Amino acid sequence: MKVQAPKYALKFLRWFCRKDYLEEIEGDLIELFELQSAESPAAAKRKFTWSVVRYFRPEFIKLFPSQNSKFIIMQQHNLKITYRTFLRYKSSFLINLFGLATGLTCAILIFLWVNDELSTDKFHEHDAQLYHVMLNHEEDGGIRTDTSSPGLLAEALEEEVPEIKMAVEDSDPLWFGENFSLSDGEKFHKASGKFAGDGYFEMYSFPMKYGQADHALKDKKSVVISESLATRLFGSSKDALNKSLEWKLLHFTSQATVTGVFKNLPTNSTQQFDFVLPFSLFKDILGDGLHWGNYNTYTSVLVTPGTNINQLNQKLADFIKNKNQGSNVSPMLVKFSDLYLYGQFENGQQAGGRIMYVRLFSVIGLFVLIIASINFMNLSTARASRRLKEIGVKKSLGAGRKTLIAQYLTEALVMAFLALIFAIAFTYALLPQFNQITGKVLTLTLSPTFIGGLIGIVIFTGLLAGSYPALYLSGFKPINILKGHFRGSATEAWTRKGLVVFQFVLSIVMVVSVLIVYKQINFALTKNIGYDRNGVILVPMEGKATENIESYLTRLGEVPGVEHVSASSHTFTQNGSFTTGVSWPGKTEGTIIKFEQSRAYYDIQQTLGFEMAEGRSFSNQYGDETSKIIFNEAAIEAMGLEDPIGKKVNLWGEEKEIIGVMKNFNYSSLHSKVEPMLFHFKTDFLPNILIKLNTKNPRNVLSNLREWYKINNPGYNFDYTFLDTAYEAQYKAEERVSLLARYFAGVAIVISCLGLFALAAFTAERRQKEIGVRKILGASHFTIVRLLSADFTKMVLLAIVIGLPVSYVMANFWLQNFAYHINLEWWYFAISGAAALVIAWLTVSFQTIKAAQTNPSASLKEE
Amino acid sequence: MKEPSLGEFEELVLLMVAALHDEAYGVSILENLETKLDKRVNISAIHVALKRMEEKGFVQSRFGGITNDRGGRRKKFYIITAFGKKMLDQQYALRTSLYQEIPKISFN
């Protein structure tokens, strides 16, 4: 049998090819095909199809005449009808436009935010090989994962592990807080600084503006500063290179020469700092603190390409244990750029983190967009059935189904594009506020891909919303429409109702979530955390203060309005440092307890206002207290000590006497439970001065202090942080999420209500005659309002029944993130449900009351 | 008006049309070219070249008679025009003169 040329390819060719070329091309192709199919039919078919595709080019494509030769005129007609419809039904047009534009705006804003979150830390050139060394601490009750590692680790890893191409150590600028300052010879400027190993700028892609990235930190006397810091210190970044400056950290100070100026760091970098000093200096500062049991450094590594990280992690598990007998830590490499979004660990496994918020908002964005599209769809169908007569007339005049579909789709697309234009304008207008809430620097750059994506979304929404009326309505028989035999089908009504229910389910879930997030944050901010942070300020120990702490603090305490002064190494707003190096009488071999530890000065109890369960705190009445220590109740319980006062414990090889037991207080945040804690008395290396102000007039006290600072600590600015504001700052992330979620939930409700409003108007209009007849037969206004509202009430009630359990599950899940959290009360849900119902009634009542008040003669006289 | 130009592939096709005189149509041109060039050529490329050259006036075409081959489709035969021939002559002259200007270089 003769092999036939591929049918579809031939069809395609005949469809597009110029008539005057077709015969020749087809003939040649078939001749070739017949020749080749003698050898291999399959190859010949492939070749034939490929050749046909190759002909699909302008020279061979015919001019396509439109089926309706007045194509452009038809389009003009469609646009004109669209325009007239918009004018005729202004309210539904505006509702549609506003709803869709708002929905799109939300989606765009969320998209920008999510995009920024996802791009964080991803810009490093070696991103794929850049890993952070985390440590898994095996402790009683599980594995705790921490970001810090011993300062000796980087060097050892680079030397001993072949898979690790490069390892660099650095420190966190937060550890030194406000204690770092730089001077150009005249004035000290505060700046946030870090120490980093020599390869730091090769490992992380922070490009240099002046100077070389390689070995910029080789010399102990070198410093690399940011462009903006250079401008601050020397007036211009251009000639900062090779200038010398003086840096100061507590009582450490030295000269350094600028060996590099790096470009200001991108905002989507989690590492933010103004200058970098060589890590060798940090080693000197650490002194004998530099050993395998002390975790005071960040270590990051570049692995060789193609390394299997799981295998490497297994191999490294005993790395530190081999160096340090009795160590309980295992290193674990985690991709650096993953730490931002997946920064939480459970039992040594990555367990989410910020990604939760990213997902949450993506879902919210999608929800809002869906709600807006549903509105659009509902209103289009509802409105379209008012235009049945138009369809009937058009069809009798010979309009084909395709023409009608085209008309409705045009209308929907025009609408969607209008909404997009508004949405872009809204986004521009709202972006500054949005940035303020999110604490980001987002910009709307209309890149081709972004615009392409938007247009894609808009076309999709437009087609989706327009398809139902277009396909459904265009299929009616004109004779039925014009005779008035038309009734909205049951499916149509059900679809519409279903969509409304869905909208309200989404809205209710959002309202409940917002309420619970808000409650939880409020709870965290007002919970009695066991000490009085009100009126306590934190001032860095710097300048003159470091020369003679004792007399400095005594004099500071004499400033009018200052009630108590103390000092510590803990900031009481973040987790500080911890130790496992405590032994006590009766300690069993191998017990490991993590103690949050802080150096502390006299009067720490009075200043922070926590209570003592037993004994006393440090006081200068008793002279030198260096051999004394106080614990909190949690620590005493963990150690299992009875009658602890007077007992001796051993901290880092020094014997300490317990003089007091503090009641438990939340020294950091409510994200974590109260852990065992100890204060040990020291008179040096106390980076934070704590001052308790007279709360009656804190402003006066602050200005007194500022004056005092000018005289007693010249060259430094009086920079302070209130502990309570610092405490609140920890909830910044939640607060931002909460605020944003509130806005978006508001938007979702408004859009849902808009839809309901328009739908109510539509129903009222459709039932005009029924209402007229009922009124004539004696129905009261109230009966009619009730009749019209009943439908909507049922829908909202159904939405409540579905929405509340869903939101209960979600809320429970979210609250598990907090060690201390509110209990879910029934009334959170009751309020949300009731609110949804009331809002729905209010929205609908506007329309129903209007309908009930219409004079029946007006609605019945026609026809 | 701009002098019509002749692309490299077009020139090959034109030469083939001239060589096959009166027997030149899509498939025959293709097959002969493939043999001479010793590489695969797609038929669409031949057609593009032919159509362009017909527009420029280098070739003329006519339909052949209906046969039972090719599913009953007529062949379209091409012949070179005087203008096309002149173009080929010019190209040939140009190349030859340039070639003769090559100094005698020994590559050994």
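The values are calculated or read from the model by the stated rules, or taken from the named source; none is laboratory data. Bear in mind that the values here come from a model prediction, so they are computed numbers and not experimental data. Heads up, the Cβs are rebuilt from the backbone with ideal geometry, glycines too, and the neighbour counts pull from every protein chain shown.
Out of A:Asn179, A:Asn136, A:Asn115, report the one residue that is farther than 30 Å from A:Phe762 by Cα, modelled with pLDDT under 85 and not acidic (Asp, Glu). Outline the logic, then answer.
Numbers: A:Asn136 fails: modelled with pLDDT under 85; A:Asn115 fails: modelled with pLDDT under 85.
Of A:Asn179, A:Asn136, A:Asn115, the one residue that is farther than 30 Å from A:Phe762 by Cα, modelled with pLDDT under 85 and not acidic (Asp, Glu) is A:Asn179.
One line per residue, one yes/no per condition, for (1) closer than 30 Å to B:Ser61 by Cβ; (2) surrounded by 13 or more Cβ atoms within 10 Å (Cβ to Cβ); (3) within 14 Å of chain B (Cβ to nearest Cβ); (4) touching a residue at least 24 places away in the same chain (Cβ under 8 Å):
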residue: A:Asp28; (1), (2), (3), (4): yes, yes, yes, no
residue: A:Phe48; (1), (2), (3), (4): yes, yes, yes, yes
residue: A:Leu79; (1), (2), (3), (4): no, yes, no, yes
residue: A:Leu97; (1), (2), (3), (4): no, yes, no, yes
residue: A:Leu100; (1), (2), (3), (4): no, yes, no, yes
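Taking A:Phe252 as the residue in question, decide whether it is touching a residue at least 24 places away in the same chain (Cβ under 8 Å) and buried (at least 23 other Cβ atoms within 10 Å of the Cβ). Spelling it out, it is not the case that A:Phe252 is touching a residue at least 24 places away in the same chain (Cβ under 8 Å) and buried (at least 23 other Cβ atoms within 10 Å of the Cβ).
Among residues of segment A:321-340 that are of a type in the set (Gly, Ala, Ser), those with a Cβ under 6 angstrom from a residue that is buried (at least 19 other Cβ atoms within 10 Å of the Cβ), sequence gap 6+ or separate chain, pair up as A:Ser327/A:Ile320; A:Ser330/A:Asn136; A:Ser337/A:Asp121.
Taking the conditions (1) surrounded by 15 or more Cβ atoms within 10 Å (Cβ to Cβ); (2) part of a helix (DSSP H, G or I) in turn, A:Tyr342 satisfies each one other than (2).
Going through (1) more than 14 Å from chain B (Cβ to nearest Cβ); (2) closer than 30 Å to B:Glu31 by Cα; (3) among the small types (Gly, Ala, Ser); (4) touching a helix residue (DSSP H, G or I) at 6+ places or on another chain (Cβ under 7 Å) one by one, A:Ala42 falls short only on (4). For segment B:23-68: of the residues being basic (Lys, Arg) and part of a loop (DSSP other than H, G, I, E, B), which is nearest to the other protein chains (Cβ to nearest Cβ)? Across segment B:23-68, the extreme among qualifying residues is B:Arg40.
For A:Tyr357, are the conditions met, namely being among the aromatic types (Phe, Trp, Tyr), buried (at least 16 other Cβ atoms within 10 Å of the Cβ) and within 19 Å of A:Ser149 (Cβ to Cβ)? In short, no.
If you go through segment A:216-249, how many residues are under 19 Å from A:Asp170 (Cβ atoms) and either assigned to a strand (DSSP E or B) or under 36 Å from the mean Cα position of the chain (by Cα) (or both)? Let's see the steps before the verdict.
Going through segment A:216-249, the residues under 19 Å from A:Asp170 (Cβ atoms) turn out to be A:216-226, A:229, A:247, A:249.
If we keep only those that are either assigned to a strand (DSSP E or B) or under 36 Å from the mean Cα position of the chain (by Cα) (or both) too, we end up with A:216-217, A:222-226, A:229, A:247, A:249.
Qualifying residue count, segment A:216-249: 10.
Condition first: surrounded by fewer than 20 Cβ atoms within 10 Å (Cβ to Cβ) and touching a strand residue (DSSP E or B) at 6+ places or on another chain (Cβ under 7 Å). Can you find one or more residues in segment A:616-623 that meet it? Within segment A:616-623 (the criterion being surrounded by fewer than 20 Cβ atoms within 10 Å (Cβ to Cβ) and touching a strand residue (DSSP E or B) at 6+ places or on another chain (Cβ under 7 Å)), the answer is yes, since at least one residue qualifies.
Does A:Phe610 satisfy the condition of being more than 21 Å from A:Phe685 (Cα to Cα) and either in contact with a Leu (Cβ under 6 Å, 6 or more places away or on another chain) or in contact (Cβ under 8 Å) with a residue 60 or more places away in the chain (or both)? So A:Phe610 passes the test. All of A:Tyr468, A:Tyr408, A:Tyr428 fail the test of being modelled with pLDDT of 80 or more and either over 30 Å from A:Lys732 (Cβ atoms) or surrounded by 17 or more Cβ atoms within 10 Å (Cβ to Cβ) (or both), apart from A:Tyr408.
Condition check: touching a strand residue (DSSP E or B) at 6+ places or on another chain (Cβ under 7 Å) and more than 10 Å from every other protein chain (Cβ to nearest Cβ). Does A:Phe16 satisfy that? Against the criterion (touching a strand residue (DSSP E or B) at 6+ places or on another chain (Cβ under 7 Å) and more than 10 Å from every other protein chain (Cβ to nearest Cβ)), A:Phe16 qualifies. Considering the conditions (1) out of contact with any helix residue (DSSP H, G or I) (no Cβ under 9 Å at 6 or more places or on another chain); (2) surrounded by 15 or more Cβ atoms within 10 Å (Cβ to Cβ); (3) away from chain B (no Cβ under 14 Å), A:Glu23 is excluded by exactly one of them, (3).
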